[in-house]
Amino acid sequence: MELDGRGGFASELRLALDDLRRSFANSSVWIALAWHDIIAQYRGSIIGPFWITLSMGALITGMGLLYSQIFATDEPIYFAWVAAGFTLWALVSTMISDGCNMFSQSVSMIRQTNLPMFTFVWRVLARNLMVFAHHAPILIIVWVVTGLFVQINAPLALLGLLLVLANCTWISLALALLAARFHDLPQIVTAGLQFAMFMTPVFWMTDSIHHARFVLHYNPAYYMLDAVRSPLLGRPLDSETLPVLATLAIVGWAVALLMFVNQRRRVVHYL
């Protein structure tokens, strides 16, 4: 232990928790880094980050007009379903894919500064929340036009969003630790997310599937979407949604923290 600088599990756990504490104390750092990421992506653009809103709005409009006819569903309801589905899927999938590159994209900062490692976890979270906020005008417009705003259960939707973020964040952390060691992982995750999108009710409605319901009940992404989208549409939650997400969050964070305690010192060497 003296030779490799490790003081046993208790010492490593204490250092990991101190890293977490210092990351919260440095919240201005990861918020600034997240905002810089978005601004840098659209530097020189006339409308800047609002391209995020326009591109998502165009996708929702096209999908709503076409697939409401293909699936022969009520057009206003389907527009709202697609708007919430794609917005939430963008949040979930981007947080997971960004998590794979969380440490590798910040390798120079990790090597040259003494910033807590959790700084980069919260950076990914803050950046994706900022992007999600750019999608909010789309949801507001759809809900006002369709008249569904009177059915919104805002407290339940907020609770669902917090559970979604809690799960996406530990998944991002776990994948970042694995991807630092196994550099092929980001490509595997990207391919998996493409497959998962079609197996998740992002643009198809759960009422349309009568057989093979395991596609829903064994799909964590379904529960993540249901936790927020159903309250926004005034629909009842699946009875398993909140228990599943709460259990995943507790167990997932426990596993991710154990991984962090074990791998924290090694990340910089893997990179």
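Brief remarks on what is shown
- Each Lys and Arg adds +1 at its Cβ and each Asp and Glu adds -1 at its Cβ; summed about the Cα centre, the chain shows a dipole of about 680 debye.
- Segment residue 69-residue 250, extension gain: residue separation times 0.36 nm, minus the distance between their alpha carbons: 61.0 nm
- Taking max minus min of the alpha-carbon positions on each principal axis, the stretch 64-173 gives extents of 55, 30, 20 Å, largest first.
- For the chain, with +1 on Lys and Arg beta carbons and -1 on Asp and Glu, the positive-most of 186, 197, 63 along the dipole: 186
- Normalised convex hull volume, the chain, alpha-carbon set, Å³ per residue: 146 Å³
- With every protein chain in place, the chain: carbon and sulfur % of accessible area (1.4 Å): 68 percent
- Accessible area (Å², per residue) of the chain, counting only protein heavy atoms and a probe of 1.4 Å: 51 Å²
- Annotation: extensible slack from residue 18 through residue 112 equals 31.9 nm (criterion: 0.36 nm per residue apart, minus Cα-Cα distance).
- At an R0 of 25 angstrom, the distance between the Cβ atoms of residue 209 and residue 188 translates into a FRET efficiency of 0.40.
- Rounded to the nearest 20 debye, the dipole size of the stretch 199-271 about its Cα centre is 440 debye, using +1 on the Cβ of Lys and Arg and -1 on the Cβ of Asp and Glu.
- Label-point separation in nm, residue 51 to residue 258, each point 7 Å along Cα→Cβ: 4.4 nm
- Peptides ranked, highest mean first, by Cβ atoms within 10 Å: ranges 90-100, 57-67: 90-100, 57-67
- Solvent-free Debye scattering, log10 I(q)/I(0), computed from the Cα coordinates of the stretch 123-229 at q = 0.16, 0.18 Å⁻¹: -0.96, -1.16
- Listed peptides 76-86, 24-34, 251-261 appear in the order 76-86, 251-261, 24-34 once ranked by packing, highest mean of other Cβ atoms within 10 Å at the front.
The values are calculated or read from the model by the stated rules, or taken from the named source; none is laboratory data. As the structure is a prediction and not an experimental result, all values here were calculated from the model. Cβ sites come from the backbone with ideal geometry, for glycine too, and all protein chains shown count toward neighbours. Calculation scope for accessible area: heavy atoms of the full protein, side chains included, ligands and nucleic acids excluded. Shrake-Rupley method; radii C 1.70, N 1.55, O 1.52, S 1.80 Å.
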